[in-house]
Amino acid sequence: MTISLFMIWLLIGCTLVTWVPRVLPFMFVRNIQLPKVVVKWLSFIPVCILTALVIEGLIIETDDAITIDWQVLLVLIPTLFIALKTKSLSITVIGGVIFMALIRFFT
Amino acid sequence: MKVSNSEATLHENTFLQGAKDCVPTLFGYMSIGLAFGIVGVASHLSILEVACLALFVYAGSAQFIICALLVVNAPLSAIILTTFIVNLRHLLLSLTLAPYFTRYSLLKNIGFGTLLTDESFGVAVNKGLQQGKLYDKWMNGLNITAYVCWVISCTIGALFGQWISNPEIFGLDFALVAMFVALLVLQLEHVKSDKLKHNLFLIVLMIVFMISLSFVVPSHVAVLLSTVFVATIGVVTSK
């Protein structure tokens, strides 16, 4: 059970830089009325960022190029199908993990 | 009719209901948390250090990147700056959710923001679209359940880390991607049918932007830039 001094500074720094972006909007949106165009812009954020996070999971970064993780791409198809069919978070996650385990087991 | 409606709404928005609505995402937190604990120990962190990262930084992708940078002996400033950029997307998540909570006190709002994650954002934004309103107790139930589960999972992962060397073979790392796919589908569920085409167009644009930008910037920067660009295109192209 040890913690180094370097680690303590790291924890303080990283805690601050992850906390401030999360909290700032909650502190300031209370006092201002957001313009209509901003509200509209924000309404597109969920679909955009969720798509981005899925694609990020597909990308393998190497030194000066990127490749597509074909295993993830392959498993993505049945996972998307389960999500569309069941509309259930839990079933999609468990189904996706099982597909991924099977693919890795057989390749 | 009105009375039963508001009763139903109250019943749907308790702390317990928030915790229940968190359950579908817990599998994701557990598998990624366990994986993080294992990776942390493999990167020569102590169990206490792994637990502290989960407890204070509380950000899956950032925690993994911190480990990767520690292994290559990156300087403190570089690690903190990278963590900042990786997690900057939370600014967008918070900005999207915050308007639902303006009627609550500053302190409560700080609480909602402090424990916000990609997943709790996904669940909350769906709930918000469903019922038009979000409640403090429900949000805290959702957030605190996720937080407790994350810290415990990371710590257990670190405890077992010495025995498991390759968590990937179980497919657990895919839990995160699967969760984002499901949250995206649920999100599209609430889009009115006449706007579905527009949203699908934005998704295609996102894919193009993400892949092209990833050639020139790290993928977590691509996440930020593509989202900002495409949401703006969304505003310009919508009727």
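The values are calculated or read from the model by the stated rules, or taken from the named source; none is laboratory data. Everything numeric in this text was worked out from a predicted model, so none of it was measured. Cβ placement follows ideal geometry from the backbone for every residue including glycine, while neighbour counts extend to all protein chains displayed. Remember, those area values only see protein heavy atoms, side chains included, never the ligands or the DNA or RNA. Shrake-Rupley method; radii C 1.70, N 1.55, O 1.52, S 1.80 Å.
Points to keep in mind about this one:
- Extension reserve of the residue B:103-residue B:159 stretch, reckoned as 0.36 nm per residue once the Cα distance is removed: 15.9 nm
- Residue ranking by accessible heavy-atom surface, 1.4 Å probe, largest first, among B:89, A:104 comes out as A:104, B:89.
- The convex hull built on the alpha-carbon positions of the protein assembly as shown has an orientation-averaged projected area of 18.3 nm².
- Under the convention that each Lys and Arg Cβ holds +1 and each Asp and Glu Cβ holds -1, the size of the dipole of the stretch B:2-190 around its Cα centre is about 500 debye.
- The stretch A:1-87: trypsin sites (Lys or Arg not before Pro) in DSSP coil with no more than 15 other Cβ atoms inside 10 Å: A:87
- With Cα atoms, 0 to 90° folded angle of helix B:76-87 axis to chain B main axis: 30
- Applying both filters, DSSP loop and at most 14 other Cβ atoms within 10 Å, to the chymotrypsin sites (Phe, Trp or Tyr not before Pro) of the stretch B:169-237 gives B:215.
- For the pair residue B:55 and residue A:31, a Förster radius of 41 Å applied to the C-beta separation gives a FRET efficiency near 0.85, rounded to the nearest 0.05.
- Spacing of the modelled spin labels on residue A:77 and residue B:44, each 7 Å from Cα toward Cβ, amounts to 4.4 nm.
- Residue A:37 accessible area, assembled protein chains, probe 1.4 Å, Å²: 90
- Over the protein assembly as shown: helical MRE at 222 nm, DSSP H runs n ≥ 4 each giving -39500 (n - 2.57), nearest 500: -25500 deg cm²/dmol
- Among A:78, A:21, A:46, the residue with the largest mean-square fluctuation in a Gaussian network model of chain A, with springs joining Cα atoms closer than 10 Å, is A:21.
- Counting only other chain Cβ atoms within 10 Å of each residue's Cβ, the peptide B:225-234 averages 5.
- A Förster distance of 35 Å, applied to the separation of the beta-carbon atoms of residue B:148 and residue B:237, puts the FRET efficiency at 0.25.
- Beyond 31 Å in Cα-Cα separation lie the following of the pairs B:108/B:197; A:85/B:197; B:127/B:239; B:20/B:197; A:85/B:133; B:137/B:239: B:108/B:197; B:20/B:197; B:137/B:239.
- For A:8, B:66, the ranking by accessible surface with the largest value first comes to A:8, B:66, using a 1.4 Å probe.
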